[in-house]
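Just below is one structure, and these are the notes that go with it.
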Number of protein chains: 2
Amino acid sequence: MSDPGGENLLWADALIDSLIQAGVRQAVISPGSRSTPLVLACSRHPHLRTWTQVDERCAAFFALGLAKQDQSPVAVIATSGSAPAHWYPAVIEANHSGTPLLLLSADRPPELQGCGANQTTDQKHLFGHQVRAFFDPGPPRAGTDALEQIKDLGMEATHQATGQNPGPVHINLPFREPLIPNSIPAVTVKQPAITTPRSPLQPDQAQIERILEITSNEPGMIICGPDSPQVDFPPAVAELARRMGVPLLADPLSNLRFGAHAQSSIICRYDTFLHNQKIASEIRPKWVLRFGAAPVSKTLLQFLETSRPTTILCAPRGDWPDPLHQTSEMVRADPVELCNALTEQMQGPIEPEWLQRLQRAEEQVQQVQLEMPEENPNPQLIIEQLIQTIPAGSTLFSGNSLPIRHLDSWSGCGSKPIRILANRGISGIDGNISTMLGLEAATGTPIFGLLGDLACYHDMNGLLAAHTSNGVLVLLNNGGGGIFCYLPQADLERFEQHWLTPTNLDFSKMAELYSLNHYRITQQSGFQPALAAATQEPGLSLIEVMIDREQSQAQHQTWLDAVRSS
Amino acid sequence: MSDPGGENLLWADALIDSLIQAGVRQAVISPGSRSTPLVLACSRHPHLRTWTQVDERCAAFFALGLAKQDQSPVAVIATSGSAPAHWYPAVIEANHSGTPLLLLSADRPPELQGCGANQTTDQKHLFGHQVRAFFDPGPPRAGTDALEQIKDLGMEATHQATGQNPGPVHINLPFREPLIPNSIPAVTVKQPAITTPRSPLQPDQAQIERILEITSNEPGMIICGPDSPQVDFPPAVAELARRMGVPLLADPLSNLRFGAHAQSSIICRYDTFLHNQKIASEIRPKWVLRFGAAPVSKTLLQFLETSRPTTILCAPRGDWPDPLHQTSEMVRADPVELCNALTEQMQGPIEPEWLQRLQRAEEQVQQVQLEMPEENPNPQLIIEQLIQTIPAGSTLFSGNSLPIRHLDSWSGCGSKPIRILANRGISGIDGNISTMLGLEAATGTPIFGLLGDLACYHDMNGLLAAHTSNGVLVLLNNGGGGIFCYLPQADLERFEQHWLTPTNLDFSKMAELYSLNHYRITQQSGFQPALAAATQEPGLSLIEVMIDREQSQAQHQTWLDAVRSS
């Protein structure tokens, strides 16, 4: 007997099972009718964990957080119409950060397209150039051949999302009514395969030799930017730096500032000491070996722009993450393999004075004492105490704008393992709460977050997922987009209205709405006790630190002046 | 002396002035750095009103509301990166509802593209097929010729957004640093021109004659769907119906249910009486003359699908809003001109029995009394009392999903002018609060809203604009996506988790967060007094009506059963 609703489900089953065969283990689902076959298939698959998010924008950022935890692909499902369009900001972040997402949009069938049918729009290529691939299999068809076709498509899509250049992939899936089977067929699933193995890209031996020639016996530096995701990268690159005798400038998002790897070459206060002209003028690297994306520190980028070292950039994804346009050797190889090959073949370290010069610079600025005439909370101390207090093994999610720059300046480094992550692909202030809670959900351990007030407002809907989360969100409430106070816009007429844009929200009421524990910190001395208490509490705690924007900026300025003249 | 920041501003001045020349009077701005030249130009133009919205998703929906008020084009401005991607859901709604938006995204210049520069992505054709046009003028250039070019581009873009097929238009605008002039040049603006006149599309005389041949002396009906925006359309079509002696089936979003135009032919309870098989079988229209988009009522669409009348559809925008694929005469003319031409040339009304049959059906179902064993709030009474209580001249913004269907069933009609609007282009539950507050801002008179709880949660950020608004938001809180209870999904396992998706939020706390007056209605008798009180209060009031989902659905069923057997 014909059961078109059953055919829809078998088709969805085949697709979902194929994603799981290829490595997907989690799906984030937003409610809707047209997506019902996909949701049914997800719901009954024994090897898939599902999450519910009403707001599709939060859903996609939550999925991004799940996926960022270990770079495993995550599916996102929404109904037809404007629903999948809410994914777009997270899709752009996933594109630029190389995060694998499988975007499954339900759609109306072709006969309802272009004729004013309800909740129907052209969903083909909805995300333009922002996805690695777009698939358009058409409405479900019955029969073994058709099911084999959709299975292959699901595998291929997942491979595209997780390949050499991981990222978002969009599959648009029209379904005809009825969306529900007359009788629900038995589920037949395969035991998920071990993910298709992929050998790491080996570096080219001729290029290794050229790099050794550039770097041998010359003062240089290794710079690790954001997004060096592999767990075996930190020891490999730290060992290379140690053997070369060169400094390793570690971005706060490089995962090199904290951990058990060798710390002897790590330099983490360059964003500060490069403000000191005397120090900066003494540091003249002949070469730079870069890993990951461009560093957060604008000061470092300006330093590189001026000093023009010969630049070797390891970018296995095939992109060209060099806004300075200085790269002379582009290495399309696995970063760990590159480090290991260089470590094996190199001659020996250069004179220790070069590394010592940078280490002295680190020490010099560390000794600059902050003027603290007031008791108000101070971002530098907040960062230092946060890093000091959060438990080993924690993940700290940082907002963009000021929070990540504060971390860059003041996180320091150390052997306590702390993982610092941020949405640094496109560096938006959007979706931060959802990403943070996605990370929490993926790790299952309490998360720590550091956000500004505009970022907190922007993704407030993300807090709906907080009811099952544990962690501490430190909210630096400086009354609007405080970063603009550091920019020339600060002197413009209508600065507050157009750039600062304070929300004037009382975030204790947001905490009530979402049942968060709330601490409001108006004195610096209150922060560490609150953090210690919040870390012990179940659920998500919000520590709202009231920053006096002008005073804080003035203090920052005083401190930088002291650094400059130290 | 060279002042590249000044050149940026002159270029932005020229663009903004040209938009204003072509009819733009309002701009909605989200904060950012790269967009500074555009914001400066907006801020200093004497003929532009600016609005600030931190969340770009809200910004675009707010602009949509401003534009929906009178179909005048509104500019939306955001910085580079993921920021403009948040506009996408509103862009899709604007596309399908034919609402003119000028989307001005700031961008980084070409030399920062594709090289990992911060907050930089490929913004070209960001909205794919969803916009009427995309413009890509490149970075600002100095000199008279360049400024004339950008002026023409701004005019053309606005004409594209406001032309025969109005909708969203995207202009991507890269700027190089510095973003601020050394010295701010004097502003030179033109007095805004009267918007370029456009003569209404005249109907073709041969087609008029064919339509008269189809309709003369045959029972037929005029159906006005959503989005018949012109103010002179209701009297013209009401007069045509009166002269033809045919019923005018008025969708709740047709702006024909309420107003000073002739009400004698208006039928507004078809969604109810067509459930009665006896009534439905007696109504056999030979022809249908349709205006606007497809009606909200699924019952009416199913009735048309079965009765297969000869269908004439007036669609001046050039789209094909006929999901039933029944249209035999597609009229590409102005609706008012078509009505007037038909009224002038027609022979005379048909036998009055035809209209009377439908009027009797209206009366028959009006007399079906609702069983009300409980005191709990009941959606039918809420709708009736809302329509009765809101002041003449008010705008009522309806959410999609259940609210608009409740209005369809129970709004009735009358001579009190009430304008009912909804985002019916793509019928999402997104952006509703922002659209409503945009409408309020455009009218400057208190707005009324009717939303479900998921829609309210989805666009909660939109409430940040409420601090300057006046009106009443009636929130039908039925604990999730109540519409799914009417669909076969209701019987599925994990219905609540995957489809109903209640947020479990206490909306009184949302009201506190956004400083709204809050009324919680747990008994039907409390609604009208609360509405009367809220209507008098300054600011935005939230009337949260607690709907017992199961009881309400059972009552609805009982009532429909009574209609069927009446």
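The values are calculated or read from the model by the stated rules, or taken from the named source; none is laboratory data. The structure presented is a predicted model; accordingly, all values stated were derived computationally and were not measured. Please note: Cβ atoms are built from the backbone with ideal geometry, for glycine as well, and neighbour counts cover all protein chains shown. To get the accessible areas, we keep the full protein, side chains included, count just its heavy atoms, and leave off ligands, DNA and RNA. Shrake-Rupley method; radii C 1.70, N 1.55, O 1.52, S 1.80 Å.
Near B:Ser394, the amide H atoms lying under 5 Å from its own belong to B:Arg419; only residues 5 or more places off or on other chains count, and H is placed 1.01 Å from N. Comparing each chain alone with all protein chains together (probe 1.4 Å, DNA, RNA and ligands left out), the residues of the stretch B:491-506 losing at least 20 Å² of accessible area are B:Leu492, B:Arg494, B:Gln497, B:His498, B:Trp499, B:Thr501, B:Thr503, B:Leu505. Based on Cα contacts under 8 Å between residues 6+ apart, the stretch A:379-565 shows a relative contact order of 22 percent. Backbone geometry of the stretch A:503-520 corresponds, through the Karplus equation with coefficients 6.51, -1.76 and 1.60 at θ = phi - 60°, to 3J(HN,Hα) couplings of 7, 6, 7, 8, 6, 5, 6, 4, 4, 5, 4, 9, 6, 8, 5, 10, 10, 10 Hz, x marking Gly and Pro.
Here chain A carries DSSP beta bridges of which approximately 0% are antiparallel, counting only pairs with both residues inside. Note on chain B: dipole from Cβ charges, positive end direction compared against B:Val24, B:Val76, B:Ile383; the farthest Cα belongs to B:Val24.
In terms of distances greater than 27 angstrom between alpha carbons, the cross-link table entries B:Lys68/B:Lys286; A:Lys124/A:Lys190; A:Lys68/A:Lys151; A:Lys509/B:Lys68 yield B:Lys68/B:Lys286; A:Lys124/A:Lys190; A:Lys509/B:Lys68. For the protein assembly as shown, build the charge dipole from Cβ charges (+1 Lys, Arg; -1 Asp, Glu) around the Cα centre, then report which of A:Ser97, B:Thr503, B:Leu492 sits farthest towards its positive end. Of A:Ser97, B:Thr503, B:Leu492, it is A:Ser97.
Secondary-structure-derived ellipticity at 222 nm for chain B, considering helices only, amounts to -11000 deg cm²/dmol, per-run term -39500 (n - 2.57) for DSSP H runs with n ≥ 4. Taking both sides together, the accessible area buried where A meets B is about 6600 Å² for a 1.4 Å probe. The 3J(HN,Hα) values that the Karplus relation (6.51, -1.76, 1.60; θ = phi - 60°) gives for the stretch A:532-545 are, in residue order, 4, 5, 4, 5, 7, 7, x, x, 9, 10, 10, 9, 8, 9 Hz. Gly and Pro appear as x.
Between the stretch A:550-566 and the stretch B:13-67, the alpha-carbon centres lie 36 Å apart.
In nanometres and ascending order, the distances from the B:Glu177 label point to those of the other copies are 5.6 (point 7 Å from Cα along Cα→Cβ).
Plugging the Kirkwood radius over Cα pairs into Stokes-Einstein for the stretch B:4-174, at a temperature of 20 °C and a viscosity of 1.002 mPa s, what D comes out in µm²/s?
Values: Rh = 15.4 Å.
Estimated diffusion coefficient is 139 µm²/s.
Close amide H pairs (under 5 Å, H built 1.01 Å from N) link A:Thr310 with A:Trp287, A:Val288, residues at least 5 positions away or on another chain.
Coupling constants for the stretch B:493-499 follow from the phi torsions by the Karplus curve (6.51 cos²θ - 1.76 cosθ + 1.60, θ = phi - 60°), and in residue order they are 4, 6, 4, 5, 5, 9, 10 Hz; glycine and proline get x.
Size of the dipole of chain A about the Cα centre, Lys and Arg at +1 and Asp and Glu at -1 on the beta carbon, nothing else charged, in debye to 20?
Working: 38 positive and 57 negative charges, 99 e Å.
That gives chain A a dipole magnitude of about 480 debye.
On the accessible surface of the protein assembly as shown, probed at 1.4 Å, how many percent belong to carbon and sulfur atoms? All intermediate terms of the calculation are to be shown ahead of the outcome.
Working: 19650 of 39630 Å².
Ligands and nucleic acids excluded, carbon and sulfur reach 50 percent.
Rounded to the nearest 10 square angstrom, A:Lys124 shows an accessible area of 90 square angstrom against a 1.4 Å probe. Here the convex hull built on the C-alpha positions of chain A has a volume of 161 cubic angstrom per residue.
Computed with a 1.4 Å probe on the full set of protein chains, the accessible area for A:His129 sits at about 140 Å². B:Gln202 label point (Cα plus 7 Å toward Cβ) to equivalent points in the other copies: 8.0 nm, shortest first. The angle separating the long axis of helix A:549-564 from the principal Cα axis of greatest extent in chain A is about 50 degrees.
Compared with the dominant principal axis of the Cα atoms in chain B, helix B:144-162 is inclined by about 10°. Each other copy places its own label point for B:Ser566 at 8.2 nm from this one, sorted shortest first, where the point lies 7 Å along the Cα-to-beta carbon line. State the Cα centre-to-centre distance between the stretch B:216-271 and the stretch A:336-389 in whole Å. So the two Cα centres are separated by 75 Å. For chain B, the longest principal axis of the Cα atoms and the long axis of helix B:88-97 meet at an angle of about 50 degrees. How high is the relative contact order of the stretch A:192-269, in percent, counting Cα pairs under 8 Å that sit 6 or more residues apart? Relative CO of the stretch A:192-269 lands at 28 percent. Accessible surface area normalised per residue over the stretch A:471-540 is 41 Å², counting heavy atoms of protein chains with a 1.4 Å rolling probe.
If contacts are Cα pairs under 8 angstrom and at least 6 residues apart, what is the relative contact order of the stretch B:221-312 in percent?
Relative contact order of the stretch B:221-312: 36 percent.
Which is the longest run of chain A containing none of the GluC sites (Glu not before Pro) found in DSSP loop states (not H, G, I, E, B) with at most 15 other C-beta atoms within 10 Å? Counting at most 15 other Cβ atoms within 10 Å as exposed, the longest clean stretch of chain A is A:1-370. Once backbone amide H atoms are built at 1.01 Å from N, A:Ile521 has A:Glu544, A:Val545, A:Met546 as its partners under 5 Å, excluding neighbours fewer than 5 places away on the same chain. Sparsely packed loop sites in the stretch B:172-220 (the trypsin sites (Lys or Arg not before Pro) outside DSSP H, G, I, E and B with at most 14 other Cβ atoms within 10 Å) comprise B:Lys190, B:Arg198.
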